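Presented below is the structure to which this report refers.
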Amino acid sequence: MNPTMLALLVSTSLSASIFVLITGLVGLRRTARFNARMDSLGGQPMSVEDFELSQPFAQRFLIPVLRSVGAIAARRMPMERINQMRSKLALAGNPGNPGNLSVPEFMAIRVVGAFLLGGIAPMLLLMVGSAPLHAIVLSVVGGGIAYFYPMQFVKRKAGARQKSIQKALPDTLDLLTITVEAGLGFELALKRVTEKWNNALSFELQQVLTDMRIGRPRREALKDMVERTGVEDLSTFVSSIIQAEQLGVGVVQVLRIQSEQLRLLRRQRAQEKAQKAPIKILIPMVIFIFPSLYVVLLGPALPRILESFSGG
């Protein structure tokens with residue numbers, strides 16, 4: 001087999017194995033928690049040893065190993081870098097784990113992936129007789145991709161989540177305005193929004209309600225939501241609500257004004273995208289459409305043009 005094809009085959013297999021491993025670990029983690037909770041509610045009391053032995057292999061061995069690797073990698077990082085990574089994970093909504101994907105777990109995914117693609121894959125190529133240069137190239141490229149791709153995935157996930165929140169905010173404010181005008185309080189209006197929709201914004205509002213139920217002030221719960229999302233429009237809305245609460249202004253009036261402003265901003269953003277569309281369309285036209293037109297229009301005349309230049 002061609003060494004290049006073999007390298008691609010090995011790297012693809014290892015990438016698929018890493019994906020299946022992470023997905024399986026997350027699924028086993030959820031299933032183990034659910035089973036443990038159900039057993040604790042309705043089953044017979046179990047000793048600590050029996051409970052540990054009843055857990056799946058991934059829960060007993062793989063997840064602790066990954067946590068240990070991630071903890072070792074996190075201890076070697078500056079605290080500022082850890083805080084930045086924790087903030088990026090929060091902006092992305094903690095992808096891959098609805099509970100809380102911590103920084104050590106995220107670092108474990110990066111380190112283990114880089115070790116598999118950057119260390120084991122080149123060794124397998126050398127064992128099957130591949131050229132050392134191919135193994136070195138695969139080690140550098142595969143390890144770099146496995147280490148840096150999760151961070152790029154988190155950045156794309158955060159951007160998509162912020163756009164989703166920004167898109168859902170005007171409709172959410174409309175529903176809040178209607179429910180508050182109907183006589184409901186602000187907290188009950190937030191609860192009605194969370195019951196009606198199932199998106200990133202409703203999840204954040206549900207978290208705000210949870211924080212308020214455990215005794216946190218409304219102002220702090222709303223500010224934490226802004227820090228978790230990083231959406232400018234949501235920050236403006238929260239600042240208006242906090243200012244209205246401090247000055248004693250009616251919430252209905254603030255909601256109505258904010259809803260109108262957000263709809264105006266959404267209309268302006270749509271107009272801006274429409275103005276950028278002709279420039280963006282020009283690039284595929286020059287690359288794909290214009291050459292085809294030249295072939296169709298100038299193709300029949302090309303032999304005559306060449307014949308006239310050749311002097312035949």
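Values in this text are rule-based calculations from the coordinates and carry no lab data. Keep in mind that this is a model prediction, so the values were computed, not measured. Every residue, glycine as well, gets a Cβ built from its backbone with ideal geometry; the counts of neighbours run over all protein chains shown.
Computed from backbone phi, the HN-Hα couplings of the stretch 221-227 come to 5, 5, 5, 5, 5, 5, 5 Hz, rounded to whole numbers (Karplus: 6.51 cos²θ - 1.76 cosθ + 1.60, θ = phi - 60°; Gly and Pro given as x). When the Cα positions of 281, 261, 169 are compared along the charge dipole of the stretch 167-312, 281 comes out farthest toward the positive end, with charges on each C-beta of Lys, Arg, Asp and Glu. Other residues whose C-beta falls under 14 angstrom from the C-beta of residue 91 contribute a net charge of +4, scoring Lys and Arg +1 and Asp and Glu -1. Label separation (residue 206 vs residue 133): 5.6 nm, computed from points 7 Å beyond Cα along the C-beta direction. When the stretch 164-267 is described by a simple charge dipole with +1 on each Lys and Arg Cβ and -1 on each Asp and Glu Cβ, the residue from 250, 198, 221 located farthest towards its positive end is 198.
What's the extension gain from residue 246 to residue 289 if we count 0.36 nm per residue and subtract their Cα-Cα distance? If you can, show how the numbers build up before the last one.
Numbers: separation 43, 0.36 × 43 = 15.48 nm, distance 5.94 nm.
My answer for the length gained is 9.5 nm.
Rounded to the nearest 20, the size of the Cβ-charge dipole of the stretch 191-300 about its Cα centre is 260 debye, with Lys and Arg at +1 and Asp and Glu at -1. Of all lysines in the structure, the ones whose alpha carbon falls short of 27 Å from that of residue 155, not counting any fewer than 8 places away in one chain, are 88, 163, 167, 223, 273, 276, 280.
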